[in-house]
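Chemist: Please see the structure below; I have some questions.
Derivation of every value follows stated rules applied to the coordinates shown; laboratory data play no part. What you see is a predicted model, and the numbers here were worked out from it, not measured in a lab. Don't worry about glycine lacking a Cβ; one is built from the backbone with ideal geometry, like all the others, and counts go over all protein chains shown.
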């Protein structure tokens, strides 16, 4: 069948003009040697400075290190996830050794496709699909949240201010050692963020943590309202795990001259207009997940059926300091963060996953 | 490609009759009008116009299509000259227009998976294309098919989830649940379209505005209802839980194994096309619809209740879109999930391509389906950017949907003698 198709292709392409020899080589999948990797990106596509761009980074790294043929597909809507996954799985020119699906929104589609294409190796980031041919990569969000909580807790107890050069003037309020957390919807995933953040803040000393949930991932107005009331009640730093709602938190921080902490990707890059109030971001390293999964497939060790929870040690999650403000953060604070990080990695500090235990 | 002779004849026939005034119209209210057949005057000079017109239209469609390919090829070739690539294989250009069009139009027909992709899109567009066409024929511009499809689909999903514990499994379950789901989709889509219909009939609100606005209402209402009351607790996406397995439309034929396409849905779509064509062509209601669309005042004079007709034709249009929503839920997503593709909006283009003729909706929807699957193939096989492929698709549609322009040109070709003026100037049957 593939050879028929090629023949047909050649003759079809030859009609009309004497097509050059280059025509067939312009087809994708130039060779069967090497590892063929397909990536179905999350909504938003490449250029999102978040999940998708990080996934691409992981692929680029893999291409540097191994013999990889890569093909990406950017869905334009929810309903295209199953189609694109199937399209990769169906392809036999090239035959994909691994199909990476980025983001939890692909989980339902993958659950079905993993059954249908039981010989195909898949991986998913940020969700668990319990199938023998799917390697699931999730993040220990509580650990990264602990780190940013620790940072927030340390700074709220200090005199810290930034500004000038066209930046918003911002400072901490030394009267009260208070920080805040804004969640999107209240579910067990986001509670892991909250638990880690509270524990981290408490680790820094006697710090009060206010928590609230906006009930939505896409309500910046609500996020702003919550954050404003937190800032007005003495909070110096507010951490959000609320998707699009978080933009409101950043806006509130700018308005009140306080600080905020971003989530998922380095938001001082992806939400540039707020970089003068974003202290740090709790980054989930999708690139690490993608690179690891490709490495496994190259070494013929696809972790099908396994769930890999990426923590702090191999850079699965990380507190990435802000582009603009990172350099302003005092070095004692940075070294305290390093300490707590190694404390978590070697098990001296245990981080709860439920806010009740924080 | 979209129009056929019977349609052209039908339109001219209807024109003729409405011009004849109340007598013919009143007649038609009681007897069936067969507009597929050209009556006694078929031997007259008029028949020449009609046949010439049919030929002309086929010629025009093909010419338009080829012209779009030609223009597109030049565009692809030139774009390939300016971008950087490792091997500029085609006459110094990075993109080979022949390969691009091969993948756009031929590759979608190779292999069960690709054909299923084409058919999935085609089937869904049959419903929305029909929906828009019916409204068009009644002289109504239903931009709200999207909203009607969304609410029809949502209602279907919720109803199926609600009755799931009561329903039997297996084939019996399918036999009960699928018709039930289609009915729910039709009722909710229809009722939702009846609102702008009633607003138009009784409050003189322009249906273009109301239907556009109701799309937003539908989409956001669906979002609110799901995220507040019917959210699947296991998912981070805004979606309902899955509909019962028995209500899912499966491919049945092994050739399409595993695809999101059902032969049953295709049969339903084609059946609705035939049904709509029959209703419009052969029933008193259809005659009322067409007459109103051509000249509302004449229809009114002939005894058609214009208010009722507006509401009923909008309801029919919405019901068709609602069925599309039901099929979307049962065939594609297996649940309602926010972010429904713009099937309703594409339906407008499909309908216009089809000259608002129900039969024409089939090739028009197929063209959309092929190009959808084709652009996916290009995405996977050639390094041509998605946006450029979007331009090529747009060119094809623009060219094929601009018959007036080509009819004008055709007057200066052997296909368009002066005798054609009558046809050319009445705007064909694109009675928007």
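Chemist: Rg over Rh of region A:159-285, using C-alpha atoms and the Kirkwood radius, what does it come to?
Modeler: 0.94
Chemist: Suppose each label sits 7 Å from its Cα in the direction of the beta carbon; what would the residue A:119-residue A:76 distance come out to in nanometres?
Modeler: Modelled inter-label distance: 3.3 nm.
Chemist: Moving on to the next point. Give the distance, in whole Å, between the Cα centre of region B:290-317 and the Cα centre of region B:165-225.
Modeler: 22 Å
Chemist: What ranking do A:72-83, B:216-227, A:332-343 get when scored by the average of other Cβ atoms within 10 Å per residue, highest first?
Modeler: In decreasing order of mean packing, A:72-83, B:216-227, A:332-343 become A:72-83, B:216-227, A:332-343.
Chemist: On to the next question. As a test of the formula, what do you get for chain A when each DSSP H run with n ≥ 4 contributes -39,500 (n - 2.57) and the sum is divided by the residue count, at 222 nm and rounded to the nearest 500 deg cm²/dmol?
Modeler: Calculated from helices alone, the mean residue ellipticity at 222 nm is -12000 deg cm²/dmol.
Chemist: How far apart, in nm, are the 7 Å Cα→Cβ label points at residue B:176 and residue B:223?
Modeler: Distance between the two pseudo-spin positions: 3.7 nm.
Chemist: Points 7 angstrom from Cα along the Cβ direction at residue B:83 and residue B:297: gap in nanometres?
Modeler: 5.5 nm
Chemist: Against the longest principal axis of chain A, how steep is helix A:107-116, in degrees 0 to 90 to the nearest 10, with axes from Cα atoms?
Modeler: 30 degrees
Chemist: While we're here: Using alpha-carbon positions, what is the distance between the centroids of region B:109-128 and region A:65-114, in Å?
Modeler: 20 Å
Chemist: Choose one answer from A:243, A:205, A:103: the residue with the largest mean-square fluctuation in a GNM of chain A with alpha-carbon springs under 10 Å.
Modeler: A:205
Chemist: Going by C-beta contacts inside 10 Å, put A:219, A:115, B:346 in order with the fewest on the left.
Modeler: Result, fewest neighbours first: A:115, A:219, B:346.
Chemist: Among A:171, B:131, B:377, which comes first, second and so on when ranked by fewest other beta-carbon atoms within 10 Å?
Modeler: Lowest count first: A:171, B:377, B:131.
Chemist: Which value results when the Cα radius of gyration for region A:31-139 is divided by 2.2 N^0.38 Å?
Modeler: Scaled against compact globular proteins, the figure is 0.98.
Chemist: Just counting partner chain Cβ atoms within 10 Å, what average do the residues of peptide B:336-345 show around their Cβ?
Modeler: Mean partner shielding for this stretch: 3.
Chemist: Using Cβ contacts closer than 10 Å as the measure, can you line up B:243, A:329 from fewest to most?
Modeler: Least crowded to most crowded, the residues run A:329, B:243.
Chemist: Continuing with this model, one more query. Which of A:287, A:232, A:95 ends up with the largest GNM mean-square fluctuation for chain A, with Cα atoms connected below 10 Å?
Modeler: The residue that fluctuates most here is A:232.
Chemist: Could you identify which residue out of A:147, A:254, A:116 has the top mean-square fluctuation in a GNM of chain A using Cα springs shorter than 10 Å?
Modeler: For chain A, modelled as a Gaussian network with Cα springs under 10 Å, the answer is A:116.
Chemist: Would you mind checking region B:314-355 for residues with the amide N under 18 Å from a putative spin-label position 7 Å along Cα→C-beta of residue B:162?
Modeler: Flagged as within label range: B:322-323, B:325-327, B:329-330, B:335-337.
Chemist: So, one more: What whole number of Å gives the distance from the Cα centroid of region B:68-87 to the Cα centroid of region B:342-400?
Modeler: Cα centroid to Cα centroid, the span is 20 Å.
Chemist: Taking the 0 to 90 degree range and rounding to the nearest ten, how far is the long axis of helix A:51-65 tilted relative to the main principal axis of chain A, both from C-alpha atoms?
Modeler: Long axis of A:51-65 versus the principal axis of chain A: about 60 degrees.
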